[in-house]
Amino acid sequence: MTTISKSTKTVVAFAGVSAILGALLLTLPMAPSASDALAQSKSSKAQKAKPAALPQISDDVDDPAVWGKLYPLQYELYLKTKEMQPTKYGGSIPTPHTPTAADPRTITSQSKSDADAGLRTMWAGYAFAADFREERGHAYMLEDQKYTKRQVVVQQPGACMNCHASTYLANKKMGDGDIIKGFEKINAMPYSEAVKLVNHPVACIDCHDAKTMALRVTRPAFIEGIRAYKASQGIKDYDVNKQATYEEKRAYVCGQCHVEYYFKGAEKRLVFPWSKGLKIEQITAYYDEIGFRDWTHKDTGAPALKAQHPEFEMWSQGLHARAGVTCADCHMPKVQYKGANVSDHWVRSPLLNLKNACLDCHKKHDAKITEKELKDRVEQIQDRHWKLREDAMSALVGLIGDLKSAKDAGKSDADLKTARYLQRRAQFYLDFVEAENSTGFHAPQEAARILGESLNYARQGQIALRDASFKPSVAIVDIPPPPAPAAAPATR
């Protein structure tokens, strides 16, 4: 089992403003020690319960309501993640849903796949084309994964629970105290069976030590992923819980879920593809080297990749990361709540909490700055990003249409190889910033660069279909066809 202690080194610091509910930290005060956490608790009459009435929490208690007896203010704020609020480019709007035996929800969020034909074209033949909705708050992360139509289209593996439930105790129990062994067992289970092992969305125990309240990383995929990333920098056998600083952990606990990943092998081991680095070129090179594809595109036959939610990777390339700002600084800022100064566990877009999330820090550098000015800055970046996103999407849809026509006209696999690979690359680059959920804000220059590359690959693919002598700007990689599956392929 992973042990926790203080640390030293800085890797990457997290944060940026997300257009949707984002980071993983949830249910307890973001304080570096138990004494600080208790000091926050005692600062309010609401937290002065009789000691005899307080429950004992331990490493075997994952119910946030129990932890909330000791930290009621943080728990109250955590429960507010049930509220649904939109921003200009993100956030969720309550959408009525007729309950069924398969899906008892009465409210969901708006469908993005229904609203955007480009997404359906990009994901043709993949389960996301059937159901992709705006993300809701952390309170909904378990039920929304359980009832997505993607579960109907394909059988998802237990690995999907990593980012959609409080998994620490399940991993611990399944591994007889060893979270790595438990993680391995759960990964390989069908999701329909694995989900029976969990009871809560992400909870206090996933990010905090029950005895000290210190931050800790509990998800094996991140423990292994950050070790692989550090190894690429020449640091061997990195132990995140022993070597990461407190400030780094304010990013890392969020990076346990808000990342790109894939399922490795028949065992469906959840892997973060960071052994070459965190940039999209390095992740793409990793997938190319191992010949990985998520699926074969239905209309074109391209060996396609599906990006997940790489907020951690994108943020690491941005200005806030370079300034040492972590996700907690923006998504869980200090707030005055019922007379106490606490970390805001109402994890949401900073655009919905500008004063606490943005203004107080920016005023240190510009005393005259206002909330409106900051919001206008964010939306200007997002407006520009969205325009470029639409241009890249148009280019990709154009390439897919041309490839489909060429395929239907009888062009051979050899004739289509270059254009198919360029579709793979254009599509993954576009999806990388689409799935990242900040509409470009976490790293505006990097997001613009990636979209520009996506557009370029799509247009090069169209040229390659028209001119067999054309030499694209990247080497064409031969992605072998997947072995015939015993069952429908898992979607991630």
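In this structure, Glu436 does not qualify as surrounded by fewer than 23 Cβ atoms within 10 Å (Cβ to Cβ), within 30 Å of Gly90 (Cβ to Cβ) and touching a residue at least 40 places away in the same chain (Cβ under 8 Å).
Could you say which residue among Pro96, Pro64, Pro86 is at pLDDT 95 or above and more than 23 Å from the chain's Cα centre (by Cα)?
On the way: Pro64 fails: more than 23 Å from the chain's Cα centre (by Cα); Pro86 fails: more than 23 Å from the chain's Cα centre (by Cα).
None of the other options fit; the residue is Pro96.
Does Val202 satisfy being of a type in the set (Val, Ile, Thr), buried (at least 22 other Cβ atoms within 10 Å of the Cβ), touching a Leu at 6+ places or on another chain (Cβ under 6 Å) and under 24 Å from Lys249 (Cα atoms)? Yes: the conditions hold for Val202. Annotation: Lys264 fulfils all but one of (1) touching a strand residue (DSSP E or B) at 6+ places or on another chain (Cβ under 9 Å); (2) closer than 30 Å to Asp209 by Cα; (3) in contact (Cβ under 8 Å) with a residue 40 or more places away in the chain; the unmet one is (3). Where helices (runs of 4 or more DSSP H) fall entirely within the stretch 267-363, those with at least 1 residues that are buried (at least 24 other Cβ atoms within 10 Å of the Cβ) are at 280-290, 311-315, 327-331.
Pairing residues of the stretch 461-474 that are loosely packed, with under 15 Cβ neighbours inside 10 Å and of a type outside the set (Phe, Trp, Tyr) with residues that are assigned to a helix (DSSP H, G or I) and modelled with pLDDT of 95 or more, at Cβ distances under 6 Å and at least 6 apart in sequence or on separate chains, gives no pairs at all.
Conditions (1) surrounded by fewer than 21 Cβ atoms within 10 Å (Cβ to Cβ); (2) in contact with a helix residue (DSSP H, G or I) (Cβ under 9 Å, 6 or more places away or on another chain); (3) polar (S, T, N, Q), marked per residue:
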residue: Ala115; (1), (2), (3): yes, no, no
residue: Ala124; (1), (2), (3): yes, yes, no
residue: Arg133; (1), (2), (3): yes, yes, no
residue: Arg136; (1), (2), (3): no, yes, no
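The number of residues in the stretch 179-199 that are surrounded by fewer than 21 Cβ atoms within 10 Å (Cβ to Cβ) and touching an Asp or Glu at 6+ places or on another chain (Cβ under 9 Å) comes to 4. Out of Val259, Val217, Val253, which single residue is among the aliphatic types (A, V, I, L, M) and either farther than 30 Å from His345 by Cα or in a helix (DSSP H, G or I) (or both)? That would be Val253, the only listed residue that is among the aliphatic types (A, V, I, L, M) and either farther than 30 Å from His345 by Cα or in a helix (DSSP H, G or I) (or both).
Against the definition (modelled with pLDDT under 95 and either buried (at least 23 other Cβ atoms within 10 Å of the Cβ) or farther than 23 Å from Val61 by Cα (or both)), how does Lys230 come out, yes or no? For Lys230, the condition - modelled with pLDDT under 95 and either buried (at least 23 other Cβ atoms within 10 Å of the Cβ) or farther than 23 Å from Val61 by Cα (or both) - is not met.
Within this structure, Val397 passes the test of being more than 26 Å from Gly318 (Cβ to Cβ), touching a helix residue (DSSP H, G or I) at 6+ places or on another chain (Cβ under 7 Å), part of a helix (DSSP H, G or I) and not small (Gly, Ala, Ser).
The single residue among Leu169, Leu142 that is crowded, with 21+ Cβ neighbours inside 10 Å and either closer than 19 Å to Val259 by Cα or of a type in the set (A, V, I, L, M, F, W, C) (or both) turns out to be Leu169. Pairs are defined by a Cβ separation below 8 Å, a sequence spacing of at least 6 or placement on different chains, a first member in the stretch 370-392 that is at positive phi, and a second member that is not aromatic (Phe, Trp, Tyr); no pair meets this definition. The residue list Arg425, Arg459, Arg449, Arg420 contains one member that is among the charged types (D, E, K, R) and in contact with a Phe, Trp or Tyr (Cβ under 6 Å, 6 or more places away or on another chain), which is Arg425.
When Tyr191 is tested against (1) within 29 Å of Ala304 (Cβ to Cβ); (2) touching a residue at least 24 places away in the same chain (Cβ under 8 Å); (3) in contact with a Leu (Cβ under 9 Å, 6 or more places away or on another chain), just one condition goes unmet, and that condition is (3). Hey, among the residues in the stretch 122-170 that are of a type in the set (Phe, Trp, Tyr) and in a helix (DSSP H, G or I), which one's nearest to Glu83 (Cα to Cα)? Only one residue tops the list, namely Tyr140.
Restricting attention to the stretch 221-248, the residues that are in contact with a helix residue (DSSP H, G or I) (Cβ under 8 Å, 6 or more places away or on another chain), part of a helix (DSSP H, G or I) and among the hydrophobic types (A, V, I, L, M, F, W, C) total 5. Of all the residues in the stretch 171-210, those that are more than 22 Å from His345 (Cβ to Cβ) and in a helix (DSSP H, G or I) number 21. Scanning the stretch 469-492 for residues that are of a type in the set (A, V, I, L, M, F, W, C) and modelled with pLDDT of 95 or more yields Phe470, Val474, Ala475, Ile476, Val477, Ile479.
Could you check how many residues of the stretch 364-390 are of a type in the set (A, V, I, L, M) and either part of a helix (DSSP H, G or I) or within 19 Å of Met332 (Cβ to Cβ) (or both)?
First, pick out the residues of the stretch 364-390 that are of a type in the set (A, V, I, L, M): 367, 369, 374, 378, 381, 388.
Okay, now just the ones that are also either part of a helix (DSSP H, G or I) or within 19 Å of Met332 (Cβ to Cβ) (or both), so 374, 378, 381, 388.
Summing the residues that are of a type in the set (A, V, I, L, M) and either part of a helix (DSSP H, G or I) or within 19 Å of Met332 (Cβ to Cβ) (or both) in the stretch 364-390 gives 4.
The values are calculated or read from the model by the stated rules, or taken from the named source; none is laboratory data. All figures in this text were calculated on a predicted structure; none of them were measured in a lab. Note that each Cβ is placed from the backbone with ideal geometry, even for glycine, and that neighbours are counted across all protein chains shown.
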